[in-house]
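S.K.: First, the structure itself, so that you have it in front of you.
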Amino acid sequence: MNENQSAFEEYVLLRYQVFNAIFLTLNLSGVHRTGMLLPILTEKCRKGLDVKLSPSEIIEGFFAEQPKKRDEQEKIEMLFKFVQFIERQVVLVDALEDAAFERINSLDGNGSFKAFVQTASNRNARERLQQALKYFRIRVVLTAHPTQFYPGAVLGIITDLTKAVKTNDLSLIKKYLAQLGKTPFFQKEKPTAYDEAVRLSWYLENIFYQSIPAIYREAHDELGEIAEDVFKENPLIQMGFWPGGDRDGNPFVTVETTLLVADQLRTRLLKSYYRDVRILKRRITFRGAQEILDEIEKGLYESAFVKPKKPSITLLGLKKNLSDLIECLHNDHNGLFAEDVEDLLRKVKIFGFHFSTIDIRQDSRVISQTFDAVVLKTRRNITQNEKSSEAYFGFEKLPEMPSIDDPILNDTFRCFTAMRQIQKLNGPAACYRFIISNCRGVDDVARTYALAKMAGMGKRMFIDIIPLFETIEDLQNAGEVMTELYSNKTYRSHVMQRKNKQIVMLGFSDGTKDGGYITANWGIFRAKEEISRVSRAFGIQVVFFDGRGGPPARGGGNTHKFYASLGPTIESNQIQITIQGQTISSNFGTIESAKYNLEQLLTAGLENKVLDSPYKVLNAGQRALLDELSAISYKAYQDFKAHPLFMPYLEKMSTLKYYAETNIGSRPAKRGKSTELKFEDLRAIPFVGAWSQLKQNVPGFYGLGKAFESIDNSGRLEELKSLFKNSLFFRTLLENSMQSLSKTNFDLTQYMERDPEFGKFWKLLYEESLLSRKYLLLISGQSRLLDTNPAIRSSIELREQIVLPLLIIQQYALMKIKEMESSGKGQTQITDTFRKLVVRSLYGNINASRNSA
């Protein structure tokens with residue numbers, strides 16, 4: 001047992017047993033009775049699955065063995081109580097893991113900035129590190145994608161409970177557990193897009209506002225005298241924000257929402273500055289210095305509380321006043337408390353007046369429709385020759401903004417005016433990135449450029465147009481698209497005035513959904529290589545922005561290893577990454593975990609830039625093997641998607657259609673308005689989530705087993721083992737897939753093998769999971785999955801044990817609904833009750849999977 005696993009067992013597993021017992025003693029309605037029966041149900045579930053009982057047989061058997069006989073309604077009420085109790089057990093584990101974070105993870109160990117500086121020095125690479133720090137940076141972008149099932153009140157309880165656990169305050173722990181028992185988890189209404197922004201801005205104010213400056217302080221301490229020169233022009237860590245700006249498939253995000261969110265971010269930030277100044281006033285009580293601080297306090301107070309729409313203090317003015325205060329303290333007061341003022345000035349330099357950059361995102365098809373609508377309103381005689389990217393780049397500012405009848409198209413055009421407005425009030429960095437989802441070619445970029453020009457963005461537009469390539473086909477064509485784009489003189493001139501930098505976004509989520517696990521990951525790697533090659537040939541610095549999502553099936557997994565594995569063929573002067581849902585609360589839910597994970601991300605990129613390693617360079621033979629694996633797995637995945645039962649299985653046997661009823665996000669659960677469920681309309685989140693609820697996690701492994709078996713059958717298993725040993729990219733790919741398979745449990749749905757309609761299809765999935773598991777162990781040389789990550793494995797095992805009865809209840813409810821529908825009863829009150837039980841059961845399982853990223 002290693003140190004991390006030992007710490008997990010002592011500070012999480014043991015404490016969970018103690019605090020869960022305390023929870024049973026609380027004076028809460030039904031808690032004691034439910035808590036006493038739940039272990040019995042859990043054991044019944046475990047033993048029932050061992051002898052291949054169905055969830056329906058397990059639940060009915062459980063109630064039959066109880067001394068108190070219950071009618072149907074009483075049984076359902078008891079199942080709801082079990083679900084509610086399990087939800088709270090998951091929260092308890094979350095709080096315990098957060099409280100034990102520093103004990104389980106070495107904050108100054110491998111992956112920390114401090115440790116990396118020492119490693120660079122030991123390998124004679126300190127000079128290279130100093131040079132890299134002058135331009136290398138990371139950007140963490142918070143998205144509102146609906147994977148976070150905790151309402152705001154519960155997140156607050158987790159935070160408070162974590163603090164109480166850290167200090168072993170039993171009295172407070174009991175109070176917070178009691179609060180947890182009485183606090184509802186279910187949200188009766190969907191949050192608005194603005195609600196999502198307010199919820200996520202809590203992390204900016206309470207976590208990142210503290211953790212990012214702490215990393216800067218540590219970096220200054222480690223680098224010493226050269227720190228100021230190193231960080232003079234380079235913001236080491238930047239924040240991005242999608243709530244209020246991401247309108248791709250979300251008709252509820254409007255220009256008014258975007259402007260409200262920008263105001264909210266600025267006001268929150270100014271209030272944070274003001275609170276810091278109030279603390280400084282208790283220390284800086286000296287003549288000369290006090291007067292400067294009074295002026296700062298007055299300006300911040302008026303700008304944050306009195307006239308937030310028209311702040312009286314400017315960013316330049318605030319920086320100057322703080323610099324003057326530091327100078328006064330050094331010159332006249334022996335530098336007393338100057339370091340505290342320097343900390344505040346550092347925050348001002350990091351966060352400006354915008355806190356986090358709001359990204360605008362819209363689908364290419366909507367952009368095309370918007371362009372056509374604007375042209376129709378203003379230039380009805382547009383010729384066929386003008387319908388080309390070359391012509392689009394020539395469009396100029398319109399004399400006045402037309403109003404378009406369609407509200408979504410009108411909003412898309414007005415986005416550019418809103419961006420200018422936000423830049424004027426919050427600063428240029430507040431909103432300057434426009435992301436084109438589903439980007440298919442140069443025309444999509446050209447139309448976006450034309451709309452920006454027509455909306456009056458100006459000759460030197462302060463805007464980055466970011467194509468997002470998602471499908472396998474688009475990834476394969478990305479290099480050609482960028483070549484054509486760079487070859488356009490107008491766009492090339494635009495890139496030059498954007499500091500010769502082009503941002504390209506790559507979507508893991510839809511790539512995996514479209515092409516399967518291996519092909520998506522390898523396809524993105526190859527696309528990055530080709531775009532890097534093309535950009536270097538044109539003398540342009542390309543920056544990759546990864547939509548990596550949360551679980552491995554959406555591009556998540558071990559982020560540090562992923563970025564450290566990219567090698568020299570991929571441009572990596574920056575790391576930009578989306579973080580969402582439960583990944584935000586799990587990886588960045590506390591100041592300590594946020595600092596740790598930000599440093600891991602930072603040093604991963606620096607390691608790739610600074611430290612040479614043969615494990616990051618793929619030779620021709622390794623590339624050929626990856627190409628072969630990708631081709632085999634892609635065909636297997638495409639055959640799987642083309643199976644006539646693929647969509648019916650998801651629709652009838654999974655929780656896919658219930659995601660829309662969870663009220664966790666403002667965005668619709670699927671694209672399009674068709675009532676028929678189509679694969680192309682499926683969003684990646686409910687698609688991956690539905691497999692996760694089934695405990696099948698197909699997007700994280702399907703195709704691996706068949707690809708590996710094919711190579712093995714040709715007598716080349718040793719090639720795979722060698723690739724795992726000598727390629728960090730391939731090793732990371734397989735280890736991330738192990739996370740998906742470690743949370744796969746086909747025992748839960750083994751009853752489906754007997755289903756007359758879906759039995760053979762279920763067996764197809766099951767056999768691929770066994771094949772994938774077999775080869776992952778063979779290739780890695782591990783005796784069981786995640787052997788090299790025992791703490792993560794222990795965490796997963798604990799969480800899977802907790803949610804087992806919840807999943808059995810979910811399957812039981814799905815079986816009852818199917819049974820009633822097949823008997824012709826249709827939509828009855830009892831059917832509706834079971835539907836609600838399914839929806840409620842979604843929460844605990846997703847929240848329990850927080851360690852998936």
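S.K.: Condition check: under 32 Å from the mean Cα position of the chain (by Cα) and closer than 30 Å to S54 by Cβ. Does K725 satisfy that?
M.R.: Details: under 32 Å from the mean Cα position of the chain (by Cα): yes; closer than 30 Å to S54 by Cβ: no.
Taking the combined requirement at face value, the residue does not satisfy it.
S.K.: Among the residues of the range 695-751, write down those that are β-branched (V, I, T) and assigned to a helix (DSSP H, G or I).
M.R.: Answer for the range 695-751, where residues must be β-branched (V, I, T) and assigned to a helix (DSSP H, G or I): V698, I711, T732, T749.
S.K.: If you go through the range 429-473, how many residues are under 26 Å from W522 (Cα atoms), in contact with a strand residue (DSSP E or B) (Cβ under 8 Å, 6 or more places away or on another chain) and open to solvent by 10 Å² or more (accessible area, probe 1.4 Å)?
M.R.: The first filter runs over the range 429-473 and keeps only residues under 26 Å from W522 (Cα atoms), leaving 435-442, 444-445, 465-473.
Next, from what is left, pick out any that are in contact with a strand residue (DSSP E or B) (Cβ under 8 Å, 6 or more places away or on another chain): 435-439, 444-445, 465-470.
Pick out the ones that are also open to solvent by 10 Å² or more (accessible area, probe 1.4 Å) and you get 438, 444, 470.
Looking only at that region, the number is 3.
S.K.: Restricting to the range 795-819, name every residue that is open to solvent by 20 Å² or more (accessible area, probe 1.4 Å) and either closer than 15 Å to K657 by Cβ or modelled with pLDDT under 75 (or both).
M.R.: Hit for the range 795-819 is K818, nothing else.
S.K.: Filter the range 320-374 for residues that are free of Cβ contacts under 8 Å to residues at least 12 places away in the same chain and of a type in the set (D, E); which is nearest to L260 (Cα to Cα)?
M.R.: Of everything passing the filter in the range 320-374, D372 is nearest to L260 (Cα to Cα).
S.K.: Before we move on, is T183 modelled with pLDDT under 90 and under 22 Å from E592 (Cα atoms)?
M.R.: Working: modelled with pLDDT under 90: yes; under 22 Å from E592 (Cα atoms): no.
For T183, the condition - modelled with pLDDT under 90 and under 22 Å from E592 (Cα atoms) - is not met.
S.K.: On the given criteria, is S509 polar (S, T, N, Q) and in contact (Cβ under 8 Å) with a residue 60 or more places away in the chain?
M.R.: On the way: polar (S, T, N, Q): yes; in contact (Cβ under 8 Å) with a residue 60 or more places away in the chain: yes.
Yes; evaluated as a whole, the condition is true for this residue.
S.K.: Before we move on, is Y775 in a helix (DSSP H, G or I) and open to solvent by 20 Å² or more (accessible area, probe 1.4 Å)? Steps first, answer last, please.
M.R.: Details: in a helix (DSSP H, G or I): yes; open to solvent by 20 Å² or more (accessible area, probe 1.4 Å): no.
Here the answer is no, as Y775 does not meet what is asked.
S.K.: Of the residues in the range 501-543, how many are part of a helix (DSSP H, G or I) and under 27 Å from P686 (Cβ atoms)? Please lay out each step first, then the result.
M.R.: Keep residues of the range 501-543 that are part of a helix (DSSP H, G or I), which gives 508-515, 517-537.
Those left that are additionally under 27 Å from P686 (Cβ atoms): 508-515, 517-525, 527.
Residues in the range 501-543 being part of a helix (DSSP H, G or I) and under 27 Å from P686 (Cβ atoms): 18 in total.
S.K.: Residues in the range 177-235 that are among the small types (G, A, S) and either at positive phi or crowded, with 19+ Cβ neighbours inside 10 Å (or both): how many?
M.R.: 6
S.K.: Taking K513 and the conditions (1) at pLDDT 95 or above; (2) of a type in the set (K, R); (3) crowded, with 19+ Cβ neighbours inside 10 Å, which numbered condition does it fall short on, given that it satisfies the others?
M.R.: (1)
S.K.: Working only within the range 212-255, note down all residues that are of a type in the set (A, V, I, L, M) and touching a Ser or Thr at 6+ places or on another chain (Cβ under 8 Å).
M.R.: Of all residues in the range 212-255, those of a type in the set (A, V, I, L, M) come to 212, 214-215, 219, 223, 226-227, 230, 236-237, 239, 253, 255.
Those that are of a type in the set (A, V, I, L, M) and touching a Ser or Thr at 6+ places or on another chain (Cβ under 8 Å): M239, V253, V255.
S.K.: Against the condition open to solvent by 10 Å² or more (accessible area, probe 1.4 Å) and modelled with pLDDT of 90 or more, how does R103 come out, does it pass?
M.R.: So R103 fails the test.
S.K.: Is at least one residue of the range 820-828 in a helix (DSSP H, G or I) and surrounded by 16 or more Cβ atoms within 10 Å (Cβ to Cβ)?
M.R.: Yes - at least one qualifying residue is present in the range 820-828.
S.K.: In the range 1-99, which helices (runs of 4 or more DSSP H) lie fully inside it and hold 3 or more residues that are open to solvent by less than 20 Å² (accessible area, probe 1.4 Å), more than 23 Å from N168 (Cβ to Cβ) and not polar (S, T, N, Q)?
M.R.: Those helices (runs of 4 or more DSSP H) span 31-50, 55-64, 72-99.
S.K.: Can you name the residue in the range 585-601 that is in contact with a strand residue (DSSP E or B) (Cβ under 8 Å, 6 or more places away or on another chain) and at pLDDT below 90 and, of all such residues, is least open to solvent (accessible area, probe 1.4 Å)?
M.R.: That would be F588.
S.K.: Still on this structure, I have one more. Kindly establish whether S171 is part of a loop (DSSP other than H, G, I, E, B) and open to solvent by 50 Å² or more (accessible area, probe 1.4 Å).
M.R.: Judged against the criteria, S171 is not a match.
S.K.: Further, regarding this structure: May I ask you to say which residue of K114, K163, K188 is farther than 30 Å from V230 by Cα and modelled with pLDDT of 90 or more?
M.R.: Going through K114, K163, K188 in turn, the sole match is K163.
S.K.: Which condition from (1) on the phi > 0 side of the Ramachandran plot; (2) open to solvent by 10 Å² or more (accessible area, probe 1.4 Å) is the one that L786 breaks?
M.R.: Result: L786 passes all but (2).
S.K.: Across the range 608-632, what is the total count of residues that are farther than 29 Å from A707 by Cα and open to solvent by 50 Å² or more (accessible area, probe 1.4 Å)?
M.R.: So the answer is 2.
S.K.: Test L425 against the criterion of being on the phi < 0 side of the Ramachandran plot and open to solvent by 10 Å² or more (accessible area, probe 1.4 Å), and give yes or no. Even if it seems obvious, please write down each step before you answer.
M.R.: Values: on the phi < 0 side of the Ramachandran plot: yes; open to solvent by 10 Å² or more (accessible area, probe 1.4 Å): yes.
Yes.
Conditions tested, residue by residue: (1) within 25 Å of D246 (Cβ to Cβ); (2) surrounded by fewer than 16 Cβ atoms within 10 Å (Cβ to Cβ).
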| position | (1), (2) |
| --- | --- |
| E302 | no, no |
| L316 | no, yes |
| L325 | no, no |
| F351 | yes, no |
| T370 | yes, no |
| T378 | no, yes |
| Y392 | yes, no |
| E396 | no, yes |
| I408 | yes, no |
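S.K.: On to the next question. What residue, among those in the range 158-168 that are free of Cβ contacts under 8 Å to residues at least 40 places away in the same chain and closer than 17 Å to A21 by Cβ, is surrounded by the most Cβ atoms within 10 Å (Cβ to Cβ)?
M.R.: Checked the range 158-168; the qualifying residue surrounded by the most Cβ atoms within 10 Å (Cβ to Cβ) is A164.
S.K.: From (1) among the hydroxyl-bearing types (S, T, Y); (2) open to solvent by 50 Å² or more (accessible area, probe 1.4 Å); (3) at pLDDT 90 or above, pick out the condition that doesn't hold for S654.
M.R.: Checking S654 against (1) among the hydroxyl-bearing types (S, T, Y); (2) open to solvent by 50 Å² or more (accessible area, probe 1.4 Å); (3) at pLDDT 90 or above, the one that fails is (2).
S.K.: Hey, K459 hits all of (1) over 31 Å from the mean Cα position of the chain (by Cα); (2) closer than 30 Å to K513 by Cα but one; which does it fall short on?
M.R.: Going through the list (1) over 31 Å from the mean Cα position of the chain (by Cα); (2) closer than 30 Å to K513 by Cα, K459 breaks only (2).
S.K.: Still on this model: Being farther than 15 Å from L344 by Cβ and at pLDDT 95 or above is the requirement here; does K298 meet it?
M.R.: yes
S.K.: Need a quick list: helices (runs of 4 or more DSSP H) entirely within the range 197-316 having at least 3 residues that are closer than 30 Å to S364 by Cβ and in contact (Cβ under 8 Å) with a residue 60 or more places away in the chain.
M.R.: Filter on the range 197-316 gives 255-281.
S.K.: Residues of the range 634-659 being part of a helix (DSSP H, G or I) and farther than 30 Å from R840 by Cβ, which ones?
M.R.: Across the range 634-659, the qualifying residues are Y634, K635, A636, Y637, Q638, D639, F640, K641, A642.
The values are calculated or read from the model by the stated rules, or taken from the named source; none is laboratory data. Model, not experiment: these values are computed from the prediction. Please note: Cβ atoms are built from the backbone with ideal geometry, for glycine as well, and neighbour counts cover all protein chains shown. When the accessible area is computed, the model is the full protein with side chains, heavy atoms only, and any ligands, DNA or RNA have been set aside. Shrake-Rupley method; radii C 1.70, N 1.55, O 1.52, S 1.80 Å.
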